[in-house]
Every structure is written in structure tokens, then in C-alpha cells.
1. Take the residues of segment 192-209 that are of a type in the set (Gly, Ala, Ser) and either open to solvent by 70 Å² or more (accessible area, probe 1.4 Å) or farther than 18 Å from Glu294 by Cβ (or both): which is farthest from the chain's Cα centre (by Cα)?
2. Could you pull out the residue among Tyr167, Tyr109 that is within 16 Å of the chain's Cα centre (by Cα) and among the aromatic types (Phe, Trp, Tyr)?
3. What about Ser87, is it at pLDDT below 50 and assigned to a helix (DSSP H, G or I)?
4. So the check is Cβ under 9 Å with 6+ separation or different chains; which pairs have a first residue in segment 265-277 that's in contact (Cβ under 8 Å) with a residue 24 or more places away in the chain and a second one that's of a type in the set (Phe, Trp, Tyr) and open to solvent by 40 Å² or more (accessible area, probe 1.4 Å)?
5. Any chance segment 104-127 includes a residue that's of a type in the set (D, E, K, R) and part of a helix (DSSP H, G or I)?
6. Note down all Cβ pairs under 6 Å where the first residue falls in segment 199-211 and is at positive phi, the second is outside any helix (DSSP H, G or I) and at pLDDT 90 or above, and they're at least six residues apart or on different chains.
7. Out of the residues in segment 201-217 that are over 19 Å from Pro134 (Cα atoms) and in contact with a helix residue (DSSP H, G or I) (Cβ under 8 Å, 6 or more places away or on another chain), state the one that is modelled with the lowest pLDDT.
8. Among the residues that make up segment 146-167, is at least one of them of a type in the set (D, E, K, R) and modelled with pLDDT of 95 or more?
Amino acid sequence: MKLDGRRESSNVEDRRSMSGGTKAGLGIGGIIMVALMAWLSGGDPLSAVMNEVVQNGGLGSLTGTNTEVTEGQREFTEEEQQLAHFSTQILAGTEDVWTEIFRQNGATYEVPTMVLYTGGVQTACGQGSSAMGPFYCSGDQKLYIDLSFFTTMKQQLGADGDFAYAYVIAHEVGHHVEYLTGTLSKVHQQMARLSEKEANKLSVRLELLADFYAGVWAHHDNKRFGSLEDGDIEEAISCAQVIGDDYLQKKARGYAIPESFNHGTSKQRMKWFKLGLETGDISKGTTFQCSDDEL
């Protein structure tokens, strides 16, 4: 992506020096992958990690146990600082795009805050950890990212490239857009009254809508700044493919269980991201209007 000269967002909390560090045992990359696959496969991330901990003889930092607070002690590598700089530029781009889209639709965009952390973090939605991957909390309207997730994407999933990383951030911002439009709270209320199987179906539609919104952002960001370069779209499409429920379940266990999907298949995730990218039209985000076959 072409980001030279682009501004950085000021809506960032850098808590990396306040986060827990890992002592020994299962490495953070391994923690993230174990939990990520369990989470995207419809399982319990915490149980999966703890089972792996028993087999590997220990855990460094996850939810506060065996955690050392290293405030003011960490020195960040050049790669970490570059990723932080990049992430704040992408967040700024989402602010510019969504502010204008909301304005055109007679609404006001309330910007979210990005929290950078390492290991574990306290949120309005409860205790968060790197094992969860990047996530959005509607309770405080913040998206939380441990930058080591991008390294894990590259090493464990083969999803690499700056636009692939931007897609991940834009997807979480997409959940914020869902929150501002009322979709997120409405669907969560519906999910609370349903069986796990039926709730998963609604979760898939939420996730695909966030993928669509990520594509919408990319469309308008490129239109405004000329940010996309050769290969960027392929990076994001590849990322969408390898984080599909079916792909991850087959990778983890050799087969897929469709009723446990809660993020969507690789084909679905690529479809909705591409639709947003190609049209830039928020009215095309009809994941809650179309049939299961049309998803």
C-alpha cells in the first residue's frame, strides 16, 4: 500500500508497556494459533489453550496468571514500531472514509479508539488476551490489537502483506460501523435468545457484513488516496481465504462442521469483501436480507 505522507490517527492508546509479558511455556504465537483455530471453528478458545498448556508444560501470559507487569521496561523492535505506525495510518484512513460516508447519509461518524497491547488487556467487555486475536468491544467502542498477531498470520497462516493486515483492522472497524448503525446490538440480542446453532448463523452474517465494510473502506480509501498497489487485492483475498471457517477447521482437524461456523466460509468471506471493494456502496451490504444460499 502507498501510505507515504499519510497521517496517523490520534485515537490510539498504546498499552504495550503496561501489558503482561510471557515467562515460559507455550509461546504467544502458538497461543494465538491454538485459540484462533478453536474460536473460528466454533470451539472454546480458553479450553483449547489450556489443553495445549497442559501438553506443553506451562503458559506465560494469558489472563493474568503467571503474568509479570513490565510497564516502562519494554523496548520495541523496529518491526513492532513499523507495524504500530502502519496500524495508526490505516485507522486514520478508516476515519476519513467513514466520516464522509456517514456525512453523505445524514449521520455523524463517531470514531473508535485503537488499543495496542501485548499479552493481556482489560476492556469494558472483560479481560482480553492475545489468544483472542484482534477484537472489537462495543462496551467502550475500542478495537484491541496485539501486533504479534500479524507475525502469526504470516508464519502460521501464510497471510502476509500490508493490505492483508489493513483488511484485519478494517474488519474490526466494520464491527464499529455495525455498532453505530444499531445492527450489532440488535443481532446480539437476537443471538442471546437462540440455540448455539442458530446464533452461529447470525454471527456469520455479522462477520460477513464486517468483511463487506472492510471492502467498502478499501474502495474509498483507494479512490481518495490511490493507496492500492499491484498485488494488494490478492493479499487481502488470500487472507480472507485462510481465515474462513471451513479452511481453518480442515487445517485443524481434517474436516469441517458447517453448523459450527460463526465467521463464514472462505468463499463467503472473499465474496463479501470483494463486493464492498468493487462497489463501495454500503447499500449492497445485504448479509441480513439474503437467503442462506445467497450468502
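The values are calculated or read from the model by the stated rules, or taken from the named source; none is laboratory data. Treat the numbers as computed from the prediction; the structure is a model and nothing was measured. Reconstructed Cβ throughout: ideal geometry from the backbone, glycine too, with neighbour counts over all protein chains shown. For accessibility, only protein heavy atoms count, side chains too; no ligands or nucleic acids. Shrake-Rupley method; radii C 1.70, N 1.55, O 1.52, S 1.80 Å.
1. Of segment 192-209, the ones of a type in the set (Gly, Ala, Ser) are 192, 195, 199, 203.
Subsequent filtering for residues that are either open to solvent by 70 Å² or more (accessible area, probe 1.4 Å) or farther than 18 Å from Glu294 by Cβ (or both) retains 192, 195, 199.
Working: Ala192: 22, Ser195: 25, Ala199: 20 Å.
Only one residue tops the list, namely Ser195.
2. Details: Tyr109 fails: within 16 Å of the chain's Cα centre (by Cα).
Just one listed residue meets the conditions, Tyr167.
3. Values: at pLDDT below 50: no; assigned to a helix (DSSP H, G or I): yes.
So Ser87 does not fit the description; no.
4. Sorted first by the residue in segment 265-277, then by its partner, the pairs are Ser266/Tyr247.
5. Step one: list which residues in segment 104-127 are of a type in the set (D, E, K, R), which gives 110.
So of that shortlist, the ones also part of a helix (DSSP H, G or I) come out as none.
No.
6. none
7. Applying the first criterion (over 19 Å from Pro134 (Cα atoms)) to segment 201-217 yields 201-202, 216.
Still in the running and in contact with a helix residue (DSSP H, G or I) (Cβ under 8 Å, 6 or more places away or on another chain): 202, 216.
Working: Leu202: 92, Val216: 98.
Filtering segment 201-217 for residues that are over 19 Å from Pro134 (Cα atoms) and in contact with a helix residue (DSSP H, G or I) (Cβ under 8 Å, 6 or more places away or on another chain), the one modelled with the lowest pLDDT comes out as Leu202.
8. No, that holds for no residue.
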